[in-house]
Amino acid sequence: MATNRTFTMIKPDAVQDNHIGGILGMIEAAGFRIVELQKVQLTPERAGQFYEVHKERPFYQDLVKYMSSGPIVAAILEKDNAVADFRTLIGATNPANAEDGTIRKKYAKSIEANAVHGSDSDENAQIEGEFYFA
Ligand code: IDP
C-alpha cells in the first residue's frame, strides 16, 4: 500500500562536494516536502547498524567505512506515493544504469558513492526514519 512518506540520506561524497543544495532542490522540484532534516556524522557502529541487512554482502565493510567517512544529511520526505516516486527520482544503484534526470545520474560517482539513499519499502521508510528522528 502506498503511503506518503519516505526516508533519504545524502551520502558523504555528495555532502563533501557541496551538493546538499542541488540535491534538496531536485527533491523539492519533484514535489516532495521536507518534513525532517538533519546533518550528522555516523560512527562506523551506527553505519553498520543502518546497513545491517547487507552484512553478508561482500561490499558491507567498505560501505560502512564509506558511510562513516564524513557527514551525511538525513531527511524524511512527504508526497503521494513517496517511496516509489522517490526511487524513480534517485535512479539505479549503479549510476552507469541511472536514467537522465535522476539524482544519481547527475551526482553519483560510483556504485558505492552513489550520492543518495532512498527507502525501498513503506516498512523500511518507517524504520529508517525512526533510526534518525525517533
Ligand atoms: P540502493 O541504495 O539502490 O537501494 P542497495 O542494493 O540497497 O541499493 O545497496 C545499498 C548501498 O550499498 C548502495 O546504495 C551502494 O552505496 C552500496 N552498494 C550496492 N551494491 C554495491 C556494490 O556492488 N559495490 C559497492 N557498493 C555497493
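Just the number, please: Stokes-Einstein D of region 1-88 in µm²/s, Kirkwood Rh from C-alpha pairs, 37 °C, 0.692 mPa s.
The calculation lands on 236 µm²/s.
Give me the percent relative contact order of the chain, please, defined on Cα pairs under 8 angstrom at least 6 residues apart.
39
Can you bin region 65-134 into rounded, prolate or oblate? Criterion: square roots of the alpha carbon gyration tensor eigenvalues sorted a ≥ b ≥ c, rounded for a/c under 1.5, prolate for a/b above b/c, oblate for the rest.
oblate
If you plug each phi of region 62-73 into the Karplus form 6.51 cos²θ - 1.76 cosθ + 1.60 with θ = phi - 60°, what whole-Hz ³J(HN,Hα) values come out, in order, with x for Gly and Pro?
Each residue's phi maps through the Karplus curve to give 5, 5, 4, 4, 4, 6, 10, 7, x, x, 10, 10 Hz.
Between residue 4 and residue 39, what is the FRET efficiency for a Förster distance of 25 Å, r being their Cβ-Cβ separation, to the nearest 0.05?
0.55
Based on the mean of other Cβ atoms within 10 Å per residue, sort peptides 105-118, 19-32 so the most packed one is first.
Most protected by this proxy first, the peptides run 105-118, 19-32.
Can you list the lysines whose alpha carbon sits under 25 Å from that of residue 65, skipping same-chain ones fewer than 8 residues off?
11, 39, 55, 105, 106, 109
Throughout, read-outs are computed from the coordinates displayed, never taken from laboratory work. The model shown is predicted, which means the values in this text are computed figures rather than measured ones. Here Cβ is always computed from backbone atoms with ideal geometry, including for glycine, and neighbour counts include all displayed protein chains.
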